[in-house]
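Okay, structure first, notes after.
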Amino acid sequence: MKTKTMGGILIFSIMLQLSLFSPVSCLPSPVYCLLSPDSCLLPPVSRLLSPVSTHAGELLPASGVTAQVFFSPKGGAQQAVIAAIDGATKEVLVQAYGFTSGPIALALINAHKRGVRVELLMDKGEASDRGSVVPALLKAGIRVWIDGGGGLQHSKIMLIDGHKIITGSYNWTLNAEQSNEENLLIIDGFDRLYADYSNNRMSSMKHATELPQTTNPP
C-alpha cells in the first residue's frame with residue numbers, strides 16, 4: 001500500500017511539473033485532466049491556431065501566397081529587393097532605419113522616373129547620417145518623411161503594389177549586404193497581412209514630418 005501511495009504521489013508530481021512548464025498554455029493541463037477527466041477536452045484546432053493578438057491578422061495565409069527568404073552577407077537579399085522594386089508598377093512605400101545602399105536607392109529613383117509612387121518614412125537620426133541616400137532621393141523628387149515618434153523608426157519594410165511585403169532585419173545599407181548577418185523575407189499575395197502592415201505605416205505617418213525636396217535632412 002505504501003508503494004502504491006508513493007507511486008501515485010510521484011506521478012502527480014511529474015504531471016504538475018508538466019502543467020507548469022507546458023509550452024502550449026492553451027492546452028488543458030495534465031493536473032486538470034487528472035482531477036476532472038470528463039472535462040479534459042482539447043479545444044478545436046481553429047482555437048489552437050488563432051493568433052493571440054487581435055491585431056495580428058490571419059495566422060494562416062490563403063492559397064496563392066508565396067514567400068522567399070534571403071540571408072546576408074551576400075546572400076542575394078539586395079538583388080531580391082532591387083528586382084521587386086524594378087517590378088513595381090504602382091507604388092513602393094518604404095520604411096527605413098538606416099539607408100545607405102546606393103543600388104537600392106537607384107532602383108527607387110528609376111521607379112519614380114517611370115511613374116511609380118515612391119515614398120520613404122525614415123528615422124530622424126539616420127536620415128542625416130553620413131552616407132545616407134536621403135539627399136539623393138529628395139533631389140530626384142521622391143517624398144521623404146521623418147518619423148516624429150518617441151522612439152526609433154526601426155522598421156525595415158517595403159510595401160509594393162498592394163500585394164508584396166518585404167521585411168526582416170535587413171537594413172537598406174551597405175553593411176547589411178556586405179558584412180552583417182541579416183534576414184530578408186518577401187511575402188506576396190497575403191492580403192490581410194499586407195493590410196496590417198499598411199495600417200501600421202499609416203499610424204506612423206500621423207506623427208511624421210515631410211522634408212522639403214529642396215533641402216537636406218536636419
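Computed quantities for the displayed model
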read-out: Set of aspartates and glutamates with alpha-carbon distance to residue 124 below 20 Å, sequence-local pairs under 8 removed; value: 147, 210
read-out: Rel. contact order, % - alpha carbon contacts under 8 angstrom, at least six apart, region 129-218; value: 40
read-out: Gain on full stretching of the segment that runs from residue 143 to residue 86 - 0.36 nm per residue minus C-alpha separation; value: 18.7 nm
read-out: ³J(HN,Hα) computed for each position of region 166-174 - Karplus, 6.51 cos²θ - 1.76 cosθ + 1.60, integer Hz, glycine/proline x; value: 10, 7, x, 7, 5, 6, 8, 10, 5
read-out: Antiparallel content of DSSP bridges confined to region 102-218, in %, to 5; value: 75
read-out: Cross-link pairs 139/164; 139/206; 113/206; 74/156; 90/164; 74/139 - those with Cα-Cα distance over 22 Å; value: 139/164; 139/206; 113/206; 74/139
read-out: Fewest-first sequence of 158, 122 by Cβ atoms within 10 Å of each Cβ; value: 158, 122
read-out: Net lengthening on full extension, residue 195/residue 180 (0.36 nm per residue, minus Cα-Cα); value: 2.4 nm
read-out: Tensor-based shape of region 67-218 (alpha-carbon gyration tensor, a/c under 1.5 rounded, otherwise prolate or oblate); value: rounded
read-out: Extension reserve of the residue 74-residue 130 stretch, reckoned as 0.36 nm per residue once the Cα distance is removed; value: 17.9 nm
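Readers should treat all values here as calculations from the given coordinates under stated rules, not as data from a laboratory. Quantities reported herein were computed from a predicted structural model and do not represent experimental measurements. When we count neighbours, we look across all protein chains shown, and the Cβ atoms used for this are built from the backbone with ideal geometry, even at glycine.
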